[in-house]
Amino acid sequence: VQLQASGGGLVQAGGSLRLSCAASGLTFSSYEMGWFRQAPGKEREFVSAITRSGLSTNYADSVEGRFTISRDNAKNTAYLQMNSLKPEDTAVYYCATGRISTRRLRSPDEYIYWGQGTQVTVSS
């Protein structure tokens with residue numbers, strides 16, 4: 001199984017980025033997808049997740065209303081649209097996948113496969 005995250009970069013505060021996570025080696029539509037991030041000196045934290053059907057999503061309070069998670073099961077790809085970016089959003093963003101109950105989507109321990117991460121830097 002491979003997860004390839006892309007789309008990170010340098011953006012000014014208030015700007016937007018769209019992250020992509022391309023999956024291979026698994027039946028993508030049978031797995032939940034999540035995004036996590038880790039800033040320097042901080043622990044990895046949950047950002048957002050989406051169920052395998054795409055019908056249910058979950059967001060950290062810090063990104064609610066600014067970020068949107070989606071997936072295209074035909075393309076084996078998940079997305080994270082990030083708007084109104086803030087300097088505190090600066091981190092390495094990781095996509096991850098697993099077969100996870102809705103109530104456990106925020107727990108990184110539930111995810112069995114992880115991508116390599118993509119750097120997002122927001123300047124003030």
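The values are calculated or read from the model by the stated rules, or taken from the named source; none is laboratory data. These numbers were taken from a predicted model, which means no experiment stands behind them. Cβ coordinates were reconstructed from backbone atoms using ideal geometry, including for glycine residues, and neighbour counts include every protein chain displayed. Note: accessible area is taken over every heavy atom of the protein model, side chains too, but ligands, DNA and RNA are not part of it. Shrake-Rupley method; radii C 1.70, N 1.55, O 1.52, S 1.80 Å.
Observations
- Sulfur and carbon atoms: percent of accessible area, segment 36-124 [1.4 Å]: 44 percent
- Length gained on full extension, LEU10 to SER123: 39.9 nm, using 0.36 nm per residue less the C-alpha separation.
- Here the chain is treated with +1 on each Lys and Arg Cβ and -1 on each Asp and Glu Cβ, and its dipole about the Cα centre works out to around 200 debye.
- Projecting label points 7 angstrom from Cα along Cα→Cβ for LYS75 and ALA22 puts them 1.1 nm apart.
- The dipole here belongs to segment 1-73: it is taken about the Cα centre, uses +1 on the Cβ of Lys and Arg and -1 on the Cβ of Asp and Glu, and is about 140 debye.
- For the chain, the residue among ALA96, GLN38, SER53 whose Cα projects farthest onto the positive side of the dipole built from Cβ charges is SER53.
- The chain - accessible surface per residue (Å², probe 1.4 Å): 50 Å²
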